[in-house]
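Heads up, the thing below is written out as structure tokens.
The values are calculated or read from the model by the stated rules, or taken from the named source; none is laboratory data. Please read all numbers here as calculations on a predicted model, not as lab measurements. Every residue, glycine as well, gets a Cβ built from its backbone with ideal geometry; the counts of neighbours run over all protein chains shown. Accessible surface areas use protein heavy atoms only, side chains included; no ligands, DNA or RNA. Shrake-Rupley method; radii C 1.70, N 1.55, O 1.52, S 1.80 Å.
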Amino acid sequence: MIKVVIAEDDFRIAQVQEQFLQKVSDVKLVGKALNAKETMDLLRENEVDLLLLDIYMPDELGTELLPKIRESYPLVDIIMVTAATEKAMLEKAVKYGVFNYLLKPVTMDKFVETIEEFKRKRKLLGSNGEVDQKMIDQLFGSAKQPVAMQNDLPTGVDGHTLDKVKVVVERLKGVSIDEMSEEMGISRTTARRYLEYLVSVNVCVAKHEYGIVGRPQRKYYFVE
């Protein structure tokens with residue numbers, strides 16, 4: 001279970017983020033802070049895995065908290081969720097190793113996708129075995145960059161829909177064509193097209209699984 005703190009001075013936005021978190025499995029909200037002081041108090045009083053941190057808080061900038069958090073709570077991961085578009089803010093966030101930087105207003109799909117990606121990388125780091133280049137590429141994004149950055153996706157594959165498909169695969173920890181069709185509200189043909197595309201670029205792998213009756217079912221999983 002991933003324990004999360006939301007640091008956001010606008011209680012309405014904090015409520016929205018809380019609702020978004022409820023869409024993600026194995027995540028627990030342990031507290032919400034309205035300012036920098038409350039943020040540090042929650043980190044001190046709770047075991048926290050992930051901090052969703054705003055920058056513009058009333059008593060201190062979120063970016064000013066970064067060195068303090070890194071010194072006192074080095075194992076806490078941070079995702080900035082902010083309206084700050086200044087390059088200096090982004091540079092400081094990168095310097096202190098934030099996991100991601102989300103600009104408001106954040107859509108539910110983008111929010112959930114980011115949390116699912118955090119979960120995936122956390123699970124990867126927690127796995128046993130030696131480090132190899134494949135694992136490193138998965139952690140730092142090299143393995144998935146061709147999908148995320150392609151400007152020439154094949155006909156019938158839309159980048160925005162593709163991102164949603166990947167979120168569903170991650171959330172369900174493997175998905176069939178029928179399940180994807182139902183989750184996304186798309187036809188089986190469209191679901192198959194996107195899932196097979198992910199297999200073709202080595203992001204997913206397809207496995208045949210046998211149920212109690214009937215023919216084997218083709219299910220799609222992220223490459224581990």
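Looking at 52, 65, just one residue is part of a helix (DSSP H, G or I), in contact with a strand residue (DSSP E or B) (Cβ under 9 Å, 6 or more places away or on another chain) and in contact (Cβ under 8 Å) with a residue 24 or more places away in the chain, and that residue is 65. Taken together, 106, 5 contain a single residue that is touching a strand residue (DSSP E or B) at 6+ places or on another chain (Cβ under 8 Å), at pLDDT 95 or above, of a type in the set (A, V, I, L, M) and surrounded by 14 or more Cβ atoms within 10 Å (Cβ to Cβ), which is 5. In the stretch 167-185, the qualifying residues are those that are out of contact with any Leu (no Cβ under 7 Å at 6 or more places or on another chain) and open to solvent by less than 40 Å² (accessible area, probe 1.4 Å), and the one that is nearest to residue 135 (Cα to Cα) is 170. Whether a residue is in a helix (DSSP H, G or I), basic (Lys, Arg) and closer than 19 Å to residue 97 by Cα was assessed, and residue 12 does not pass this test.
Each residue in the stretch 17-36 was checked for being outside any strand (DSSP E or B) and within 22 Å of residue 103 (Cα to Cα), and 11 of them qualify. Check whether at least one residue in the stretch 70-85 is in a loop (DSSP other than H, G, I, E, B), touching a residue at least 60 places away in the same chain (Cβ under 8 Å) and either touching a Phe, Trp or Tyr at 6+ places or on another chain (Cβ under 6 Å) or open to solvent by less than 60 Å² (accessible area, probe 1.4 Å) (or both), and report yes or no. Looking for residues that are in a loop (DSSP other than H, G, I, E, B), touching a residue at least 60 places away in the same chain (Cβ under 8 Å) and either touching a Phe, Trp or Tyr at 6+ places or on another chain (Cβ under 6 Å) or open to solvent by less than 60 Å² (accessible area, probe 1.4 Å) (or both), one finds none in the stretch 70-85, hence no.
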